[in-house]
Amino acid sequence: MKWKNNLADQPVWSGEISNRDRKEKVAQQVSRYVKDGDVIGIGSGSTSFLALEKIAERVEEENLEILAVPTSKEAEMNCSYYGLTTTSLLNHQPDWGFDGADEVDGAQRLIKGRGGALFAEKLVMASAAKTYILVDESKHVERLGEKFAVPLEVDPRAIHLVETALQHFECHDIQLRMAAAKDGPVLTEAGNVLIDVRFHDIHDTLEKELSAIPGVIETGLFIGYSVEILTV
């Protein structure tokens, strides 16, 4: 029996969606890739939300059977709202997935993590054969790190250890991400904190170098993954 209350009867999204007409076009394009029996990684963000909506419409209209692997609680709750069956990486490997990005450069390298779900997003992306990255023109940059800092998900016990280790990197403006609707820092779904760092240069090995710092759970750098960029 399904829940019957206000929270169960509405998707998890608030506010206006900018460039909605254009985003709906790329969302419709993504929905056409769905095949019966697919296991799909479900990303977060406004365009991913619209893509999930279009996919749910196809599933209902064509009586398709798919499984969804959500990358965040937001995505999981929206899958529930749209009636899609969810699973996990423990049970299934995604055939493909879709997600957004904060920045994309000409080599298809990404910065992700403004929404705080970078750890799960990377797990799902690394597990899928391909991930479609849904972005608008504003997310394309000539130099990665041009607009946004690189998020690091860090074990709370390692905040000072990680900041000390970052002194050996060419970076500046190291900030603990603070919450807007609660006291103290943002806590990820895994109970970790986020440190946002601006780097002077992001080379191809930086993701691995940062991941080697004890206490760094994951980085918001996505370099060398099998992605296809779909621009709104």
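The values are calculated or read from the model by the stated rules, or taken from the named source; none is laboratory data. Here the structure is a predicted model, which means the values were calculated and not measured. Every residue, glycine as well, gets a Cβ built from its backbone with ideal geometry; the counts of neighbours run over all protein chains shown. With ligands, DNA and RNA removed, areas are computed over all heavy atoms of the protein, side chains included. Shrake-Rupley method; radii C 1.70, N 1.55, O 1.52, S 1.80 Å.
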Residue satisfying all of: in the range 139-155; open to solvent by 60 Å² or more (accessible area, probe 1.4 Å) and more than 17 Å from the chain's Cα centre (by Cα); farthest from H203 (Cα to Cα) among these: K147
Candidates E142, E121, filtered to the one that is outside any loop (DSSP other than H, G, I, E, B), acidic (D, E) and out of contact with any Cys (no Cβ under 9 Å at 6 or more places or on another chain): E121
Residue count for the range 57-81, restricted to those that are within 14 Å of the chain's Cα centre (by Cα) and open to solvent by 10 Å² or more (accessible area, probe 1.4 Å): 5
Selected residue (only one of K2, K23, K54 is without any contact (Cβ under 8 Å) to a residue 60 or more places away in the chain and open to solvent by less than 40 Å² (accessible area, probe 1.4 Å)): K54
Where A129 falls short, out of the listed (1) hydrophobic (A, V, I, L, M, F, W, C); (2) crowded, with 16+ Cβ neighbours inside 10 Å; (3) within 19 Å of the chain's Cα centre (by Cα): (2)
Search result, residues across the range 18-41 that are in contact with a strand residue (DSSP E or B) (Cβ under 7 Å, 6 or more places away or on another chain) and closer than 20 Å to I111 by Cβ: V26, G41
Out of V12, V34, V30, sole residue that is within 19 Å of the chain's Cα centre (by Cα) and surrounded by fewer than 21 Cβ atoms within 10 Å (Cβ to Cβ): V12
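Considering only the range 25-116, give the strands (runs of 3 or more DSSP E) lying wholly within it that have at least 1 residues that are acidic (D, E).
Once the strands (runs of 3 or more DSSP E) in the range 25-116 are filtered for at least 1 residues that are acidic (D, E), what remains is 96-99.
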Yes/no for K130 being touching a helix residue (DSSP H, G or I) at 6+ places or on another chain (Cβ under 9 Å), at negative phi, basic (K, R) and modelled with pLDDT of 95 or more: no
Search result, residues across the range 163-201 that are loosely packed, with under 11 Cβ neighbours inside 10 Å, in contact (Cβ under 8 Å) with a residue 12 or more places away in the chain and outside any loop (DSSP other than H, G, I, E, B): D173
